[in-house]
1. Pulled fully out, how much extra length does the chain show between Asp378 and Arg247, if you take 0.36 nm times their separation in residues and subtract their Cα-Cα distance?
2. Show the residues, 5+ positions off or on another chain, whose built amide H is closer than 5 Å to the amide H of Gly40.
3. Residues with beta-carbon under 10 Å from that of Asp227, excluding Asp227: net charge, scoring Lys, Arg +1 and Asp, Glu -1?
4. What percent of all Cα-Cα pairs in region 25-143 falls in each 10 Å bin, counting up from 0?
5. How large is the convex hull of the Cα atoms of region 98-166 per residue, expressed in Å³ as a whole number?
6. Among rounded, prolate and oblate, which fits region 56-118 when a ≥ b ≥ c are the square roots of the eigenvalues of its C-alpha gyration tensor, a/c under 1.5 means rounded, and a/b larger than b/c means prolate?
Amino acid sequence: MAIRFDSPPSGPAFGPTVPAEPGGRGAPDTPRELRIRFVGSGSEYFRIWIVNLLLTVVTVGLYYPFAKVRRLRYFHGATELDGQPLAFHADPWKMLRGYLLVGAMLALYSVAGQFSPTAGLVAFAIVALVWPALWHSSLRFRLANTSWRGLRLRYTGTVQQAYRAMALPLLASGLVLAVALFAPDGEPRTPGAPPTAADWALIATPLLVMLLGTPLVLWLLKRQQHDHYAFGSEHTRFEPGLGRFVRFWLAAVGFTLLVVLVFVAATLGVFFVLGQSGRNPMGAPLLLAVTLLVDYVLVFSIVSGYFIARLQNLVWNGTRSEHLRFDSRLRARELISVWFTNTLFVIVTLGLYIPFARVASARLRLQSVRVQASTDLDALVAAAPERDESAAGDAAGDLFGFDLGL
């Protein structure tokens, strides 16, 4: 339900003065802070969300690109930077063609897997070969259709860079799939056959590689994104190194294990005390179900809130351009509180609270970010013309959860 980053990193500080921009406009003597405000409301978005949901169901998913455009236009328009709203300009018909293309690719992959493991693996390899290009197209499409004060944002990365950034996760995913489909002797696995010790060893190896490689993957993807954003003549750079992400990942894993252990111990303790009192809690399925549900909501909110808050501060505090820098001060305990409330109300209302949850989450995350400008923003000019980007990449990015940031 999140609308799918510690202290600012070291780096060159803004000087007291900045040379005049072309055209004679001078920059401010000191950086000016631009506040971000989110002025949307849950009740307004609920009307958009419920119509989108009904039309998507009625059209068997074909309305989804149009629903997505309506959602993004609302959230962009409700996000104000220095008192001026963002805007989203995408053509839903282009996005529809993109979604149909991606849907066809996924369908072919699913059908191939039904014929034989080899066909499924070949189909996965084909999808993997084009996926970085679609991800690249997604970034270009989303940024090219986002504007502030009439100026379009841009993504300046290349397709080759996208392939380098995504090589490791695609290779690891392919290894996991190959191990799942084929036995150690290279023969296809028999459906329903119990895995042997050798099978478990083969399955565990690529999964362990993926777990240990997660900080590297996160760093590669975030660096590829935040090192290539552009607004007018400003081009961002991403300063955090791999070591920062390794420390972040180790802290997140340690925190997750601690939270899980605490809740498991607390739950077992409660049932032990009740059992000693003669109430036989294990014979009360309702009590057990409620306890497990509350534990799940708490653990999910605490772990997810901590992870997302730390990641947002890490990424955005390390993103800057020559005259612009970002300062994210998202507090984990505030995000945990919001997510716990959101999750609980979504469950109680059977999903009807989702639009209110998305608005609350977006407001907290966006308003925790400041933009500091040491140049006259009126002097910034969009350097690149608008381009007719392929919407297929945007569809791929949305279906597989790639996020462009906030």
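1. On the way: separation 131, 0.36 × 131 = 47.16 nm, distance 3.94 nm.
Separation in residues times 0.36 nm, less the Cα-Cα distance, equals 43.2 nm.
2. So Gly40 has HN proximity to no qualifying residue.
3. +2
4. Percent of Cα pairs in each bin: 11, 27, 28, 19, 11, 4, 1.
5. 75 Å³
6. Prolate, since a/c reaches 1.5 and a/b exceeds b/c.
None of the figures in this text is laboratory data; all of them are computed from the coordinates on show. Given the structure is predicted, the values throughout are model-derived calculations rather than measurements. Heads up, the Cβs are rebuilt from the backbone with ideal geometry, glycines too, and the neighbour counts pull from every protein chain shown.
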